[in-house]
Amino acid sequence: MKRNVLRLCLCSLCIVLLSGFAAPVRKDRMYYERRGEIVWEVPMNHKMIALTFDDGPNPKTTNLILDLLKEYDAKATFFVVGKRVDRYPEVVEREVKEGHEVANHTYNHVYFSQNVSSALMEKEIMDAQKQISKITGETSAWLRPPGGYYNDRLIHVAQNHGFKVVLWSWHQDTKDWRKPGVSFIVNKVLKNARNGDIVLMHDHVSNSMQTVEALKLILPELKKRGFQFVTISELINEKRKEVFGHPKK
């Protein structure tokens, strides 16, 4: 009798443990990537690569980067800071005129840590978007949170306003904002270049020309390897074609 009671108690305990104490969901890269809520890279068959530049515009370095992109028939995506768009609208106008993509990097470059409210996230994103639309006459679906900070609140705010969060390939973080040296930036990109990569660089780094100098070596070498330099939109559209086929005319 006592053994039966003991077995019953153990069974009941197991049921409680299994039903009430399930392992918490691990919200890592795989979690958000599987749900299609964040893009890190877009693996594909075609030799395409997306160069992205954060924190600009900068009237000196951004224009020099645009000169280089034009020379190599390269298109890129610029994740701009709203207050800098307000200060240097003519640079953003040039980006659009030359076929590049302008995307959202918040208005004040605020890091969206766990302590940041949804209201502040929304204000930062939408203030930047208003400034971008004012200058370019266009809207962008792409959002890159400063520092790569993301959480469920950010995803919720982004989706509510029609944004997709785009980060970068982990093996293509040039860390150029640290001014690591031209050779470091060049080697980071060239030694790791894969189809569908999203490369992280910055067109506004105080008192630094390292990114500009690195591009003078990166662009011709990748072009020699057969890579096509495209915007985030072009990269994702090409992937859709590979997966679903060309749309019917």
**Item:** In the stretch 147-178, the residues that are within 16 Å of residue 103 (Cβ to Cβ), in contact (Cβ under 8 Å) with a residue 40 or more places away in the chain and in a loop (DSSP other than H, G, I, E, B)
**Value:** 150, 163, 167, 168
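Here's the yes/no breakdown for (1) on the phi < 0 side of the Ramachandran plot; (2) of a type in the set (D, E, K, R); (3) open to solvent by 70 Å² or more (accessible area, probe 1.4 Å); (4) at pLDDT 95 or above:
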residue	(1), (2), (3), (4)
17	yes, no, yes, no
20	yes, no, no, no
38	yes, no, no, yes
51	yes, no, no, yes
55	no, yes, no, yes
83	yes, yes, yes, yes
**Request:** Considering only the stretch 138-154, state which residues are open to solvent by less than 70 Å² (accessible area, probe 1.4 Å) and either touching a strand residue (DSSP E or B) at 6+ places or on another chain (Cβ under 7 Å) or farther than 17 Å from residue 34 by Cβ (or both).
**Result:** 140, 141, 142, 143, 144, 145, 146, 147, 148, 150, 154
**Prompt:** Is it the case that the stretch 98-115 has a residue that's open to solvent by 70 Å² or more (accessible area, probe 1.4 Å), part of a helix (DSSP H, G or I) and at pLDDT 95 or above?
**Reply:** no
**Request:** Within the stretch 199-218, identify whether any single residue is open to solvent by 50 Å² or more (accessible area, probe 1.4 Å), free of Cβ contacts under 8 Å to residues at least 40 places away in the same chain, part of a helix (DSSP H, G or I) and acidic (Asp, Glu), and answer yes or no.
**Result:** yes
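Going by the structure shown, is residue 112 in contact (Cβ under 8 Å) with a residue 60 or more places away in the chain and touching a helix residue (DSSP H, G or I) at 6+ places or on another chain (Cβ under 6 Å)? Can you show your working first?
Values: in contact (Cβ under 8 Å) with a residue 60 or more places away in the chain: no; touching a helix residue (DSSP H, G or I) at 6+ places or on another chain (Cβ under 6 Å): yes.
Taking the combined requirement at face value, the residue does not satisfy it.
Would it be correct to say that residue 174 is closer than 24 Å to residue 105 by Cβ, open to solvent by less than 50 Å² (accessible area, probe 1.4 Å), among the hydroxyl-bearing types (Ser, Thr, Tyr) and in contact with a Lys or Arg (Cβ under 6 Å, 6 or more places away or on another chain)? Full working, then the answer.
Numbers: closer than 24 Å to residue 105 by Cβ: yes; open to solvent by less than 50 Å² (accessible area, probe 1.4 Å): yes; among the hydroxyl-bearing types (Ser, Thr, Tyr): yes; in contact with a Lys or Arg (Cβ under 6 Å, 6 or more places away or on another chain): yes.
In short, yes.
Any residue that is β-branched (Val, Ile, Thr), within 18 Å of residue 72 (Cβ to Cβ), in a helix (DSSP H, G or I) and open to solvent by 30 Å² or more (accessible area, probe 1.4 Å) - is there at least one of those in the stretch 182-196?
Yes: the stretch 182-196 contains one or more residues that are β-branched (Val, Ile, Thr), within 18 Å of residue 72 (Cβ to Cβ), in a helix (DSSP H, G or I) and open to solvent by 30 Å² or more (accessible area, probe 1.4 Å).
The values are calculated or read from the model by the stated rules, or taken from the named source; none is laboratory data. Keep in mind it's a predicted model, so treat the numbers as computed, not measured. Backbone-built Cβ (ideal geometry, glycine too); neighbour counts: all protein chains shown. For the accessible areas, the whole protein counts, side chains as well, though only heavy atoms, and no ligand, DNA or RNA atoms are used. Shrake-Rupley method; radii C 1.70, N 1.55, O 1.52, S 1.80 Å.
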